[in-house]
Structures are given as structure tokens and as C-alpha cells.
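Have a look at the structure below, then the notes.
Read the figures in this text as sums done on the coordinates, not as results from a lab. All values derive from a computational prediction rather than experimental measurement. For neighbour counting, all protein chains shown are included, and Cβ atoms are generated from backbone atoms with ideal geometry for every residue, glycine included.
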Amino acid sequence: MRMSQLFTKTNKTAPAEEVSKNAQLLIQAGFIYKEMAGVYAYLPLGKRVLDNIVQIIREEMNAIGGNEVSLTALQSRETWQASGRWDDEVMDVWFKTRLANGSELGLAPTHEEPITKMMRGFIASYKDLPCYPYQFQIKFRNELRSKSGLMRGREFLMKDLYSFSRNRAEHDEFYEIISQAYGRIYERLGIGDITYKTFASGGSFSKYSHEFQTLSDVGEDTIYVHEGKKIAINQEVYTDEVLADLGIAADELVEKKAVEVGNIFTLGTKFSEALDLVYTDEQGHVQKVFMGSYGIGPSRVMGLIAEHFADDKGLVWSENIAPFKVHVVSIGEKGRELADKLYAELAGKGVEVLLDDRDERPGVKFADAELMGLPWRITISDRAIDGDGLFELTERATGETKKLDYQQLVKFCLEK
């Protein structure tokens, strides 16, 4: 992509009305647009980051047998009445509306009920189980407060996978498999070393559920971390009983602030019973399907990463999720010509590259490059061309710069 063809622009200052650092930086750098509190549009650069996060999650879900689907946002009242969750006092985050004929509808805050109802058409026998449909879907939640940018939205992207198993044992086996897949996802996203599998309340379904919590000073949750075992306990379930269950002493734990970036739940037969999802087992007996639910918010993860890794100059993206890996900056007429050549060569060989070919002062280009946070910046200038023919390659995360000739730059980018 050429920046001269990019309709978005950076801003010199952060938006004054935005209180969260992640949204301030993403708006200032031209990655997102704020429609209203808790509702953001993704501009070209932001959409590329979000898509990269989604693709990492998709690959790991497919690797464990997930089948991707896309369910509807509009929800019928009857489906949710079956579970009792249509009532606003039971689920207080509904957005509801009416059709022209007066029928009441809701915008889905989650999808346990509709997917359970849908699976009645595909599950009849033990031979149909287990199965693991999942989706990336916009969710709508009428949050009372929405001041954390992408980390708490009223409209946000969610990956939700639902497991349908014959029994508890089959479910538990998959529960551990997806837990390990989540670990791989966070490693690939660059937050594995600060993300902990965290024991939380299982509600009426199980003794415990598990959250995946990433350490952050802006986190809304308090967790107690055991560094040696790489696990944590959410404050809500921090009791002597839990410590005993886990074989942990209180003095082995450290209190931390964290952001929840994923969760895995045992649902049991709550929804299959409410919506009559059953199967016939090997002996011909009718059994209720045993379910689980597993969520990750790609947009929330994007906000967390933007905020956690940013410095005083702007965003800092890892190569795995950056909108482009290389940011080529041209300075001067000769620099523009050679930068065009480098851009065409790299793009032609599959390197994701952004070319700053704008008619702007060098200081503006450098400031924008640092604000946007791409992993590597290459500066092609008249001075270098007329001098020793060595061009600056700067790593955004460390600020370290080295000089390479044209062919060395090409080789470096192809190897990255």
C-alpha cells in the first residue's frame, strides 16, 4: 500500500474526548474511527491488524477440529425464552428492537441458545458427536460504562466456539485440548509470557471455569499469580478451599491487575435441556448433549496489545499482527525513485510493505512511522544514495538502527 493512496490520516494530537490510551493511539494513528462511546469502525490499517489476529485464532481452532460458521445477529425472543435469558433482569445487556409487524427481536450478546437450537438439525446419534462449530461474530452488549476503548465495547468482535460432546469425559478431554490451543494463540500474539490461565467461578455448570488473563496496569480484574505453575486465581474465587484444591500456599502468590482476553466454560446440559438437544447413544437410549463454550475477543486483544506495548512515540506492533511488516520512507527525488523500486520488488515477492511516498517533510514521515508502529522502517534518502549507498533499517520496538545496501535490504526483508 502507498500512503498517498490511503484515505486515512494521522493526527498530531490524541482525541481529547477519548480517555483510554489504546483508543487514543489507534484513532491518532488512523487505525480506527469512533462512532460513539464503545462503538468503533476499523479503518484500513486497523482492519489489517484485526484480520491478522483473527487468522491466528482461526488457524488454531481449525487445527483442533473446529468448523467455522457465521450465525445471525438478530435473535428471536422464543429461542431465548426457552433458557430464561430473554428477561432483562436475567441478562441486563440486551439491545432489543421490533420489526415493522411488531415482533420483538434482540441483537445477540452471545450465541449459546441459537447455536444449540440450530444443532438440533444436525445431531441425532452418537455418531454425530463430538462437534465443534465456531464463529467470528459481532456481539452487542448494552454496557452501562464503556470507557476502555476496544477493551470494553458495546459492539465488538468475538470468537466463540461451542463444543457438543457425548458425555462429561469426552468434554473434559476437549476442554484441555482447547486450553492448550489458547496458550498457542497468546504465544503467537506476543503476549504468552504475561498471560495466565486463571481459575474463576464455574457458576452453576462446574466448580471452576477458566479465564485467560493478561497482566496490565489498566486491567479491571485482580488476580493472584503463581509464577512457577504459570496459573492464577481470580479474586472472586480466592479462598482457602481453592488454594487447597490447587495445592498452593497464599505466600506463593502475587497480586496483579489483569485484562481478561479469553475464557473457557463447561456448560453441561443446561442449554441442551432447555432447547431439547438430544442424541441416541450406542444402546439406543436418548441422552442430553454435553456442552462447553470458549471465547476470545479479537478486538479486545487488539486494544490490549496496542496499549500494553505502546511507548511515548506511539504504537508498537509485532510482526505477526502488524498491518505491514516493513515501512519504507522516501526522502528526496532520487530517494523516491529508489523507494518505488524497492517497494515494487518487495511487494512482488510477497513482503507486506507500506510505502510513504507522500510529499511531506522527513520529520513528519518519521513521526508518523513511529506513531503507526510497524516493525521495521527503511529510509531511502538522496543523502544515502549520493553517499555510501547504505540505507537505514530501524527496528521500531528497540529503536536500533543499522545500515545496509539495497541488496542486503531486500535479503533482510525476504528472510523476515
- From the list Gly203, Gly190, which one is in a loop (DSSP other than H, G, I, E, B) and under 27 Å from Lys288 (Cβ atoms)? Gly203
- Task: Kindly indicate whether any position in segment 22-36 is assigned to a loop (DSSP other than H, G, I, E, B) and among the polar types (S, T, N, Q).
- Result: no
- Which of the residues belonging to segment 197-215 are more than 23 Å from Val54 (Cβ to Cβ) and either touching a helix residue (DSSP H, G or I) at 6+ places or on another chain (Cβ under 7 Å) or not basic (Lys, Arg) (or both)? Thr198, Phe199, Ala200, Ser201, Gly202, Gly203, Ser204, Phe205, Ser206, Tyr208, Ser209, Leu215
- Task: Quick one: which helices (runs of 4 or more DSSP H) lie wholly within segment 215-331 and hold at least 3 residues that are under 26 Å from the mean Cα position of the chain (by Cα), crowded, with 24+ Cβ neighbours inside 10 Å and touching a residue at least 24 places away in the same chain (Cβ under 8 Å)?
- Result: 298-309
- Message: Looking only at segment 14-42, filter to residues that are more than 14 Å from Arg300 (Cα to Cα) and β-branched (Val, Ile, Thr); which one of those is surrounded by the fewest Cβ atoms within 10 Å (Cβ to Cβ)?
- Response: Val19
- Run Lys349 past the list (1) surrounded by fewer than 16 Cβ atoms within 10 Å (Cβ to Cβ); (2) charged (D, E, K, R); (3) without any contact (Cβ under 8 Å) to a residue 60 or more places away in the chain and report the number of the one that doesn't hold. (3)
- Task: Search segment 48-65 for residues being free of Cβ contacts under 8 Å to residues at least 12 places away in the same chain and closer than 25 Å to Arg141 by Cα, and hand back the single one that is surrounded by the fewest Cβ atoms within 10 Å (Cβ to Cβ).
- Result: Gln55
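Of the residues Ile115, Ile123, which is assigned to a loop (DSSP other than H, G, I, E, B) and surrounded by 15 or more Cβ atoms within 10 Å (Cβ to Cβ)?
Ile123
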- Matching residues, segment 385-409, being within 12 Å of Leu338 (Cβ to Cβ), touching a residue at least 24 places away in the same chain (Cβ under 8 Å) and buried (at least 16 other Cβ atoms within 10 Å of the Cβ): Ile385, Tyr406, Leu409
